[in-house]
């Protein structure tokens, strides 16, 4: 066996470090490219929309809020209609707020009652059609 000289050992170590530098440089460029792609506005928007559509809690919250707002708006329109009376219009706003809050907070109970009534109605309807 030959003894390795200090110069040969140094050259070998330098070669290993150069190979390591090339490999780490490639990994760094890949990571930079991935990061650059992820911060593009289109990709951020796509991720937010994807997260929103796949989060069931968020869907439920949005549906509850929309149901509350629609029911509140409809109740106000039924109460106020096209009245010019400011007191009636103010009362309509309070009714809208109350109905919106009530429906948004109790949407699961309202949903179950609605399904129960729908099943009862369709059950009675089936009974009448079969009977």
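With Cα atoms defining each centre, region 37-74 and region 9-28 are spaced 48 Å apart in the structure. Normalised by 2.2 N^0.38 Å, where N is the number of residues, the C-alpha radius of gyration of the chain stands at 2.40. Taking the longest Cα principal axis of the chain as reference, the axis of helix 56-80 is set at about 30 degrees.
Run the numbers for residue 56 and residue 118: contour at 0.36 nm per residue of separation, minus the present Cα-Cα distance, in nm. Full-extension gain reported as 19.9 nm. Taking the convex hull of the alpha carbon positions in region 1-54 and averaging its projected area over all directions gives 6.2 nm². Relative to the longest principal axis of the Cα atoms of the chain, helix 86-105 runs at roughly 50 degrees.
The modelled label-to-label distance between residue 73 and residue 89, using points 7 Å beyond Cα along the C-beta direction, is 1.8 nm.
Express the Stokes-Einstein translational diffusion coefficient of region 56-131 in µm² s⁻¹, to the nearest whole number, given a Kirkwood radius over alpha-carbon pairs, 20 °C and a viscosity of 1.002 mPa s.
For these conditions, the coefficient is 150 µm²/s.
How tilted is helix 41-54 with respect to the longest principal axis of the chain? Cα atoms for both, answer in degrees (0 to 90, nearest 10). Its long axis makes an angle of about 50 degrees.
For the chain, relative contact order (Cα pairs under 8 Å, six or more residues apart, normalised by length) works out to 19 percent.
Pairwise inverse Cα distances across region 48-97, averaged and inverted, put the Kirkwood hydrodynamic radius at 12.5 Å.
Read the figures in this text as sums done on the coordinates, not as results from a lab. Since this is a predicted model, take the numbers as computed values, not measurements. Here Cβ is always computed from backbone atoms with ideal geometry, including for glycine, and neighbour counts include all displayed protein chains.
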